[in-house]
Amino acid sequence: MAIHDILQTEDHNESLIVMHAEGTFWHLYDRSCYAFATQVSQMHVHVRPYKVLGGRKVCWLGFPMKYTEKYLSALTLVEETDKQRTYKAPLPLDVEGYSRWHQEMVSAAEKKVATNYASCASPVAMVMEDAPACDTPPASSLHDMTSEQVINRIRDYELSTSTPMQAFFFLAEIKQQLKKML
């Protein structure tokens with residue numbers, strides 16, 4: 001299902017949690033994401049601008065399908081297809097609460113992107129997926145980091161929001177620094 005179609009449904013959603021199958025993950029968008037994150041389980045929420053929607057910033061979260069029962073066993077299944085599951089939300093969606101939450105998620109993502117872009121300390125940790133990446137490392141790059149700083153960098157690395165290639169390059173940087181330290 002195209003994001004345009006998903007959001008047409010989400011824009012009128014007032015009581016459901018709609019999950020879309022994408023590979024081996026369930027993805028939830030906007031109001032369903034809000035209902036899940038505030039009523040079922042707090043998870044990391046991503047924000048992504050969609051060019052096909054005129055730059056509209058969409059909140060989404062995802063989790064492996066193998067955890068469906070863990071998170072949703074207490075909810076009432078309303079409809080199920082091969083590509084989608086719909087559950088009744090525990091509580092009706094507070095539309096004003098959703099609007100405030102959505103703006104907070106977008107603001108937090110924009111601040112994180114601005115911070116990462118300005119310092120280029122960890123461009124792979126950006127939350128906004130279409131944000132530009134920095135080409136040059138900051139002055140305090142991996143070449144002059146202490147072991148504690150390397151450990152902190154690894155701990156703070158956002159694996160869930162990085163691509164496999166970004167994770168590979170991050171690991172290569174860390175490996176290079178550790179070789180220089182030893």
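The values are calculated or read from the model by the stated rules, or taken from the named source; none is laboratory data. A quick note: this is a predicted structure, and the numbers were derived from the prediction, not measured. Cβ sites come from the backbone with ideal geometry, for glycine too, and all protein chains shown count toward neighbours.
Could you pull out the residue among 35, 108 that is at pLDDT 95 or above and in a helix (DSSP H, G or I)?
Details: 108 fails: at pLDDT 95 or above.
Exactly one of 35, 108 is at pLDDT 95 or above and in a helix (DSSP H, G or I), namely 35.
Looking at the stretch 1-26, which of its residues are more than 12 Å from residue 86 (Cα to Cα), without any contact (Cβ under 8 Å) to a residue 60 or more places away in the chain and outside any helix (DSSP H, G or I)?
If the condition is that a residue be more than 12 Å from residue 86 (Cα to Cα), without any contact (Cβ under 8 Å) to a residue 60 or more places away in the chain and outside any helix (DSSP H, G or I), then 2, 11, 12, 22, 23, 24, 25 are the ones that fit.
Take the residues in the stretch 72-86 that are of a type in the set (Val, Ile, Thr) and outside any strand (DSSP E or B), then tell me which one is farthest from residue 35 (Cα to Cα).
Taking the stretch 72-86 as the starting set, the residues that turn out to be of a type in the set (Val, Ile, Thr) are 76, 78, 81, 86.
Remaining after also requiring outside any strand (DSSP E or B): 76, 81.
On the way: 76: 14, 81: 21 Å.
My answer is 81.
Please pick out the residue among 24, 81, 86, 9 that is more than 20 Å from the chain's Cα centre (by Cα), of a type outside the set (Gly, Ala, Ser) and exposed (fewer than 12 other Cβ atoms within 10 Å of the Cβ).
81
With respect to residue 93, determine if the residue is outside the structural domain of residue 162 (by TED's automatic domain parsing), of a type outside the set (Asp, Glu) and buried (at least 18 other Cβ atoms within 10 Å of the Cβ).
yes
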